[in-house]
Amino acid sequence: MFLRKSVEMPTAETALAGRAAAIPTAATHFVFDRALTEGYPAVAQHAVFGMGCFWGAERKFWELGEDRVWITAVGYAAGLTPNPTYEEVCTGRTGHNEVVLVVYEPHRISFEELLKTFWENHDPTQGMRQGNDVGTQYRSGIYVATHEQRKAAEALKSAYGAALKARRFGPITTEIVNAGPFYFAEDYHQQYLAKVPHGYCGLGGTGISCPTGLG
């Protein structure tokens, strides 16, 4: 959202303490009018992506349509501090990334299709930044829940990396790690660009299509 300078990950000793209770968030998805944090279909799966400012990133996934995606939500993941606030994440002392949770039904949309949206809508070669947004909370990341998700993420990372290299981009810096706790961000962050259509987005891309059909 704003220019941050912290690009060093904290350690367990230097991370903020956090809290035991979850911070309050919205009850209902502003766009889809569904319960935000519960009541998902029994067959639903979760995908978590970090691709810079989570306001713009979330919009890319809800724009796929409520007939394909059940819920999107913004939050914090891949850090050390339990139940962090936005202000704490912005200090760089929680280790969290700004991320988007996508709850989806695999018979309506595949994880590979979600990955295509992920790769094509940010620049995954920038390390601890995305455009003018600098800091550990803006790093590119895929936080996988299953072996199948990891396999698909690694395959497309390799294929997209080759496509970027051919266009003289640097190596992909995206982290692909097992999903840990996801903490919902505060109410005002959820579906922010639907509430404030001309608000800050901070999201770009490389302009290069992600290869598909890898099997």
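Looking at Gly141, Val99, Gln191, which one has the Cα that reaches farthest to the positive end of the dipole of the chain (charges on Cβ: Lys, Arg +1; Asp, Glu -1)? Farthest along the dipole direction, towards plus: Gly141. A DSSP coil position with no more than 15 other Cβ atoms inside 10 Å describes the following GluC sites (Glu not before Pro) in the stretch 144-215: Glu186.
At a probe radius of 1.4 angstrom, the accessible area of the stretch 104-215 per residue rounds to 48 square angstrom. Annotation: extensible slack from Asn83 through His107 equals 5.4 nm (criterion: 0.36 nm per residue apart, minus Cα-Cα distance). Residue separation of Thr28 and Val177 scaled by 0.36 nm, minus their Cα-Cα distance, works out to 50.7 nm of gained length.
Between Ala166 and Thr212, 0.36 nm times their residue separation minus their Cα-Cα distance comes to what?
Working: separation 46, 0.36 × 46 = 16.56 nm, distance 1.67 nm.
Stretched out fully, the Ala166 to Thr212 stretch lengthens by 14.9 nm.
Extending 7 Å from Cα along the Cβ direction at Val43 and again at Arg150 yields two label points whose distance is 2.6 nm. Report note on the peptides 122-128, 168-174, 108-114: ranked by the mean count of other C-beta atoms within 10 Å, highest first, their order is 122-128, 108-114, 168-174.
In terms of its C-alpha gyration tensor, the stretch 22-67 comes out rounded, because the ratio a/c of the largest to the smallest axis stays below 1.5. What you get for the chain, charging only the Cβ of Lys and Arg (+1) and of Asp and Glu (-1), is a dipole of about 620 debye around the Cα centre. Site pair Ser158 and Asn132 shows an inter-label distance of 3.9 nm when each label is modelled 7 Å from Cα along Cα→Cβ. In this simple spin-label approximation, Tyr200 and Glu186 carry label points 7 Å from Cα along the Cα→Cβ vector, and these lie 1.4 nm apart.
The values are calculated or read from the model by the stated rules, or taken from the named source; none is laboratory data. Since this is a predicted model, take the numbers as computed values, not measurements. Methodologically, a virtual Cβ is constructed for each residue, glycine included, from the backbone with ideal geometry; neighbour enumeration extends over all protein chains shown. Quick note on the areas: whole protein, heavy atoms, side chains included, nothing else; ligands and nucleic acids left out. Shrake-Rupley method; radii C 1.70, N 1.55, O 1.52, S 1.80 Å.
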